[in-house]
Structures are given as C-alpha cells and as structure tokens.
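Q: This is the structure, below, for whatever I ask next.
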Amino acid sequence: MATATASGSSPVIDVAELLDKQKVGAFNVLLIAIGWFAIFSDGFDISNIGYIMPNLMRELHLGPETAGLVSSASLIAYPIGALGLGWLSDRYGRKLALIIGCLIVAVFTFATVFVTDAEGLAAMRFLTGIGLGGIIPNIVALGSEFAPKRVRARLIIFTFCGINFGGFICGLVAPSIIASWGWRGLFYVGGAVPLIAVILMWAFMAESVKFLVLHGGREAELRRVLARLIPGFVAPAGARFVVSSQASRVPFRPNQLFAKGLAFITPILWIMFILNLFVIYFVGGWANIVLQGAGMKANEAIYVTSLNQGGGVLGGLVIAYFVDRFGFLSVIAWGVLTAATVWLIGMPGLSVAWIAVWVAISGFGMQGVQYGLNATPGMLYPTSLRAFASGWAFGVARLGAVAGPLVGGFALAAYQARHLSKADIAQNMFLVPVYALVVGIILAIIAAIYARRQFRSYQFEEVVAPTN
C-alpha cells in the first residue's frame, strides 16, 4: 500500500502511487465503458453532417462555400466548450462537466430537426459544438487519472476509439435512416445517443480520485470510490490523502502550459493537433460529396466514406499498443502511412473497391495519429491542470478542424470554376491534405527527439506541476 507515516502525524496515502500499482479491474472497465460510450455519442454527432451534406445542399440550396461553413459551425464552437467545460471540470469535477456537455449535445441535436435554412442549421450546429468540445478533454482527464501509468496511453486510446466507432456506425445506419425518415432522422438518433450517455454517467460514473484529493472537502466520496476501485482497500482512520506530483491544487493560468520544459513542446503539440485535424475534417467533410460528384452512387459513397472511421477504430486499437511500447515514434509511422495513402483516394480510374481500400487505410493512419496525439496531454500535464491543458490542446486544434471543411469548400468551388473534369477535381481535392501531413510528420520527428532528451525514452511522462 502507498502509505507513509510521518513522525507524530497521521498516515499519508499517495493515491497516484496507489493507482499505479493496481491492476485494471471491473471498476476500471466500467469507467472505460461509460467514457467510451460518451465518446461514441460525440463521434456519431460529429460525423452525421458529412453523411447528409449532399441532401442538405440539394434541399437547402447550399453552395460549396456555404456547405463548408455549415460543416465547420460545430467545430468553431469547440474551443468554447473545451475551455468552458474544462474550467468547470477543474473547479467542480469531471463528472459534472461531462454530463453537462452531453446534455448540450442532446438538446441542440434534437433542435436541429426543426431548421429550414442554412442560418438555422449553422446556429444549431454551433450550439451542439459547445457540448461536443467539452466531452473529449474531460474524458482524457478522467481516464488518465484512473488508469495505472503502465497502461495509461493504451486505455486512453482505447476509449477514444469510441469516436471513430460512432462515426462508422453513423455511416452504416445513415442510408436506411435517410431513406425512411429523411435527413432529419439522423438528428433524432444523434440526440438520443448522448442522452443515454447522460443516464449512464449519472448512475455509474465516479469522480476522479486525484481531483477529490486535490480539491478536498469530499473525503467520504473519495473513500467510497477507492473502495470500489481497489477491492478490500480500507484507509486507516485519520489517513491523509495526497498526490505525490503536487502538494495541493494550483489555480490554473495559461502560462503554466509553457512553464519549464513545456515552453518548447506545447506549441509543437498544438500545431500537430491543428494539422492532423485539418486532414481528418477535410477528408471527413468532403469525401462523400467529392465521391458522389465523381459519379459514385449515394449509398456507396456513404458506406465507403464510413470506412475512414472504421479504419480509424482499428488504427486506434493498434497504435495504443505501439504508443505504450515505442512512444511518439508510433505517431511518425502512422503519419507516413497516411501521407502515402490519402492522395490515392482521388486517383482516376479506380474501382469502388480500391477507393474503399485506400479510404480505410488512410483512416487507419490519420485517426491513429490523432489517438497518439490525444493521449499525450493526459501523460504530459500534471493533474491540477490536466483537463485545462487537454481543453486548450483540443480547443486550439479546432483551428485545423474548422479550416478543413472551409478550405475544402473553397477548393471545390475554385476547381469547379476552372471547369475541371470530375476526375481531376477528385484528384486535386485529395492532394490538399498531403501537404499538411508532410509538415506534421516533420514536427512529430522533432517531438520524438524532445521526448528522448527530456524523458530518456520516446514516451512522454508527467512533468512536475507548477508551484505558482
């Protein structure tokens, strides 16, 4: 047991050390499953707009530029949700912030079914995005604070697989839902999923033990959670709980993200987040539209596009093992794979089967890179600012997510204005993300070198918390 007793004082229990020594038990699995489902709901609602955009463009008479803006509306709101709910999480707890985030998503996704024009659609997607933006960073914070260090990256990445699985399932069910209920039916389903997540979190999710220690005043709850987490554990009477990496909660300030060893790596991580999300949302937002424009049947284009998310699930599961074993070198390898395959999607003359192969493999690569990046804030930043640090990383990253659909819309309009053939438009569209990938690979190499020098491995580790 991670217990020490100072002379003349109460027993001291270091919960960080205590958690790191535990095996992954039934309670961990329950928390991971709930977090996974919350992320699943996030992925379902992020992806649905891409699958129905051709229908929206026809019914609401949207041009490519307007379609790009509508696709980006929820992503523009992400920083608001990430930072606002990150603040709420670091002040009042991860569980409350996650419940509020999922409630926001459910309410405004349901409200989207009533829109009749582009302005209303963009407004509802923006408000939905506030909730979506708060889910991911708080799942990162909560998951990393319960997971033993030796499997932390693996468990965080596994949880993140829910986002791609949500997008994949959305693509599989979208054609039948659209055929039966129209495009609005996808928003009915999309609103119900996060509502189920709210019920599960309210009933079964526990608050982070590290959060409870640092904030104090909830010792009874802390002891209950520890008893569920570690069967047979009974804290000695009068025991004092601590987190070894910091003596007390330190109020968050943005400059802490650049303190000491973070001054160099935080900007590099942010830029990599931006570039990779640019690629993901460029392809996710426009692949269905471009493939249909190039002559692929609507249902075929939706199913093929969903393979980007399906490949991403596998990419996340596979990279989880390699991140724990080889650290940031895995991100480099997955980035190279993505750059080598994403441009092949638009190659002229390919059959539907070959396009599906390249979509799936590129999804395996680009989503795998994102999982590796997503796990990094949970490993690098200390508990007191972990949710905020994750929120800032995901919030800043939304610049890339917003830019992806917007750049795609303007690029498509420009290629159409030049009267290029459908095959040439497809080829040029899928070449755009390759440039961002090349820059990202170079930065990933720099980050790997930094990790090696700072931590003597290619794996990132938690830095010492700022003291002021």
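Q: Just the residues that are of a type in the set (A, V, I, L, M, F, W, C) and at pLDDT 70 or above, please, taken from region 16-32.
A: Just the residues of region 16-32 that are of a type in the set (A, V, I, L, M, F, W, C), to begin with: 16, 18-19, 24, 26-27, 29-32.
Of everything in region 16-32, those that are of a type in the set (A, V, I, L, M, F, W, C) and at pLDDT 70 or above turn out to be Leu18, Leu19, Val24, Ala26, Phe27, Val29, Leu30, Leu31, Ile32.
Q: Quick one: Gly232 ticks every box in (1) exposed (fewer than 15 other Cβ atoms within 10 Å of the Cβ); (2) outside any helix (DSSP H, G or I); (3) in contact (Cβ under 8 Å) with a residue 40 or more places away in the chain bar one, so which box is it?
A: (3)
For every residue, the table says whether it meets (1) under 21 Å from Ala67 (Cβ atoms); (2) at pLDDT 90 or above; (3) not in a helix (DSSP H, G or I).
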residue: Ile99; (1), (2), (3): no, yes, no
residue: Ala106; (1), (2), (3): no, yes, no
residue: Phe126; (1), (2), (3): yes, yes, no
residue: Asn138; (1), (2), (3): no, no, no
residue: Ala141; (1), (2), (3): no, no, no
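Q: On to the next question. Does region 199-218 include one or more residues that are touching a Leu at 6+ places or on another chain (Cβ under 8 Å), outside any loop (DSSP other than H, G, I, E, B) and modelled with pLDDT of 80 or more?
A: Scanning region 199-218, I find at least one residue that is touching a Leu at 6+ places or on another chain (Cβ under 8 Å), outside any loop (DSSP other than H, G, I, E, B) and modelled with pLDDT of 80 or more, so the answer is yes.
Q: If you take the residues of region 415-441 that are surrounded by 14 or more Cβ atoms within 10 Å (Cβ to Cβ) and of a type in the set (Gly, Ala, Ser), which of them is farthest from Ala333 (Cα to Cα)?
A: This residue is Ala423.
Q: Going residue by residue through region 323-331, is there one that turns out to be surrounded by fewer than 18 Cβ atoms within 10 Å (Cβ to Cβ) and farther than 28 Å from Val213 by Cβ? Break it down stepwise before answering.
A: Keep residues of region 323-331 that are surrounded by fewer than 18 Cβ atoms within 10 Å (Cβ to Cβ), which gives 325-326.
Keeping just the survivors that are farther than 28 Å from Val213 by Cβ gives 325-326.
Within region 323-331, one or more residues are surrounded by fewer than 18 Cβ atoms within 10 Å (Cβ to Cβ) and farther than 28 Å from Val213 by Cβ.
Q: Please enumerate the residues belonging to region 414-425 that are modelled with pLDDT of 85 or more, part of a helix (DSSP H, G or I) and of a type outside the set (A, V, I, L, M).
A: Passing the criteria: Tyr415, Gln416, Asp424.
Q: Among the residues of region 170-196, which ones are among the aliphatic types (A, V, I, L, M) and buried (at least 19 other Cβ atoms within 10 Å of the Cβ)?
A: Answer for region 170-196, where residues must be among the aliphatic types (A, V, I, L, M) and buried (at least 19 other Cβ atoms within 10 Å of the Cβ): Ala174, Ile177, Ile178, Leu186, Val193.
Q: Ok, one more. How many of the residues making up region 227-262 are touching a helix residue (DSSP H, G or I) at 6+ places or on another chain (Cβ under 6 Å) and modelled with pLDDT of 75 or more?
A: 5
Q: The conditions are (1) of a type outside the set (Ser, Thr, Tyr); (2) buried (at least 18 other Cβ atoms within 10 Å of the Cβ); (3) under 25 Å from Ile130 (Cβ atoms); (4) over 17 Å from the mean Cα position of the chain (by Cα), and Trp87 fails exactly one of them. Which is it?
A: Failed condition: (2).
Q: Let me ask something else about it. Would you check if Leu307 is part of a helix (DSSP H, G or I) and touching a Leu at 6+ places or on another chain (Cβ under 9 Å)?
A: Values: part of a helix (DSSP H, G or I): yes; touching a Leu at 6+ places or on another chain (Cβ under 9 Å): no.
For Leu307, the condition - part of a helix (DSSP H, G or I) and touching a Leu at 6+ places or on another chain (Cβ under 9 Å) - is not met.
Q: Turning to a different aspect of this structure: Being part of a helix (DSSP H, G or I), closer than 18 Å to Asn288 by Cβ, of a type in the set (A, V, I, L, M) and within 20 Å of the chain's Cα centre (by Cα) narrows it down to one of Ala375, Ala401, Ala389, Ala411, so name that one.
A: On the way: Ala375 fails: closer than 18 Å to Asn288 by Cβ; Ala389 fails: closer than 18 Å to Asn288 by Cβ; Ala411 fails: within 20 Å of the chain's Cα centre (by Cα).
Just one listed residue meets the conditions, Ala401.
The values are calculated or read from the model by the stated rules, or taken from the named source; none is laboratory data. Just so it is clear, the model here is predicted, and its values are computed rather than measured. Cβ atoms come from the backbone with ideal geometry, glycine included; neighbour counts cover every protein chain shown.
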